[in-house]
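Enquirer: Can you keep this structure in mind? I'll have questions shortly.
No lab work stands behind these numbers, since they all come straight from the coordinates. On a predicted model such as this, the values are computed, not experimentally measured, just so you know. Cβ placement follows ideal geometry from the backbone for every residue including glycine, while neighbour counts extend to all protein chains displayed.
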Amino acid sequence: MEGVGIRFPESVSAQSVRSTWHTSSGKGAVSVRRSGTLCFADELHRIIFRKREALVAGQRSIMSVSEKAAKGNRVDETSRLGMETMKHSVLVTRQIPGESLKRLREVCEVEVWPEAIPPSREELCRLVKGRHGLLTMLSDRIDGELMDVAGEQLCVVSNYAVGFNNIDVDAAKTRGVVVGNTPDVLTDATADLAVSLLFAASRHVLPAGNQVREGEWKTWEPTGWLGVEPSDKTLGIVGMGRIGKATAKRLVGGWGMNLLYTSRSDQGDVEKELGGRRVELDTLLAESDFVSVHVALTDETRNLIDADAIGKMKSTSVLVNTARGEIVDQDALVDALNRRAIFAAGLDVTTPEPLPADHALVKSPHCVILPHIGSATHTSRNAMSEIAVDNLIAGLAGKPLRCSVT
Ligand SMILES: NC(=O)C1=CN([C@@H]2O[C@H](COP(=O)(O)OP(=O)(O)OC[C@H]3O[C@@H](n4cnc5c(N)ncnc54)[C@H](OP(=O)(O)O)[C@@H]3O)[C@@H](O)[C@H]2O)C=CC1
Ligand SMILES: O=CC(=O)O
């Protein structure tokens, strides 16, 4: 591999490394994974050769952009990156809002899955073949098998979501594929929805409203639809990340709730600002009146809120989940709601999605279920589109992503 230089820090046993290479037209970079003391030389060369082929084309274009710039032409960032990504082929697995796809179409060949319903696995396998980049939804399972079907030229997967549990990130790293997500811009919208669910579940908002729609509203009832109030009660945030914090801010600041939270990392700033206390999950469940789940879905958090955990909650408590359905054991939740072992639940996420209309949770009068709409505001979704497209364009050009998870 003439002209290819690979740097591996010898002091580190397992990590992702960025490998640089040089050609007559400049320098490129590729992320590869080193495992243990082996660097999988054949695999590595294969990945680097593939990336070099893709990036050399881009570099020729950069040179022509530089020539233009030298002649005094104004070249903005998008068109500069665009020149590098020209001729690349990308798949966008659903129509996304905003103007950003126009920007993408200016710089590469784009196919957008036109249906509202996601492509089946079979269709997805057919569609990804030969693509350099994928802009994916949280409902698309992007694993090593799919990346292999796409082919060796695949450089970047840009997920239109902050959560990336649908993507096998390790498989991406070993294949030199970078992965992006869309954090921050949906934090407020999702926290607002968590608060909405908390109130809706606490005050029977949906079944009470349905009573009116169904013509069953007979009279004002002194003992009808009695709910629970958050003011001065204890809020338990499971996972004090961006959305957990934003939810806590709303409920501590607005309703004077006391705060308990779980977190693997130190959150000293939260304690200073909101006066919260970091505790073990068992303590949080036993002492909280409202429990709101915000951890990422990983192998460690799958079924975190199982029968045992729900069994620790107060019978007057309300459970809210806007994170991922798999974090809560739904059978255990159905059982607890049926036995009135907890007061109510509000879910924006379920397993599966969509949850069949005849599922016991849908039928429960004590459970509010929304169709995964946490980030569904014009502001958030437009901003997510911008980030997802920026990530894709940067990944195709071999540049650092605006928001990367690899
Ligand atoms: N309903 C909806 O439409 C939306 C849902 N979401 C979901 O919300 C989640 C959180 O988003 P966001 O707040 O931006 O993400 P962050 O990364 O800021 O927060 C994630 C939290 O998960 C915790 N966490 C991660 N892994 C583990 C683990 N193995 N065990 C315990 N805790 C863990 C982190 O804890 P630590 O600090 O200790 O690492 C962190 O507190 C997303 O992953 C997504 O699934 C997001 C947006 C919209
Ligand atoms: O669930 C939504 C996300 O962005 O993650």
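Enquirer: Would you mind ranking 372, 378, 359 so that the residue whose beta carbon has the fewest other beta carbons within 10 Å leads the list?
Expert: Lowest count first: 378, 359, 372.
Enquirer: When a footprinting reagent is the concern and you count Cβ atoms within 10 Å, what order do 367, 155, 108, 125 take, fewest first?
Expert: The most exposed by this proxy come first: 125, 108, 367, 155.
Enquirer: Are any of the pairs 249/363; 245/363; 233/272 more than 27 Å apart by Cα-Cα distance, and if so, which?
Expert: Exceeds cut-off: 249/363; 245/363.
Enquirer: Report ³J(HN,Hα) in whole Hz for each residue of segment 174-187, in order, from the Karplus equation J = 6.51 cos²θ - 1.76 cosθ + 1.60 where θ = phi - 60°; Gly and Pro get x.
Expert: Couplings: 5, 9, x, 9, 8, 10, x, 9, 10, x, 6, 5, 10, 4 Hz.
Enquirer: Past 21 Å, Cα to Cα, is the threshold; run 102/173; 87/129; 129/399 against it and keep the listed order.
Expert: Beyond 21 Å between Cα atoms: 102/173; 129/399.
Enquirer: Let me ask another. Could you run the Karplus curve 6.51 cos²θ - 1.76 cosθ + 1.60 with θ = phi - 60° over segment 375-387 and give me ³J(HN,Hα) per residue in whole Hz, x for Gly and Pro?
Expert: After applying 6.51 cos²θ - 1.76 cosθ + 1.60, I find 9, 7, 10, 4, 4, 5, 5, 5, 5, 4, 4, 4, 5 Hz.
Enquirer: I've got another one for you. Just want the ordering: 364, 265, 158, from fewest to most Cβ atoms lying within 10 Å of their own Cβ.
Expert: Ordered by Cβ neighbours within 10 Å, fewest first: 265, 364, 158.
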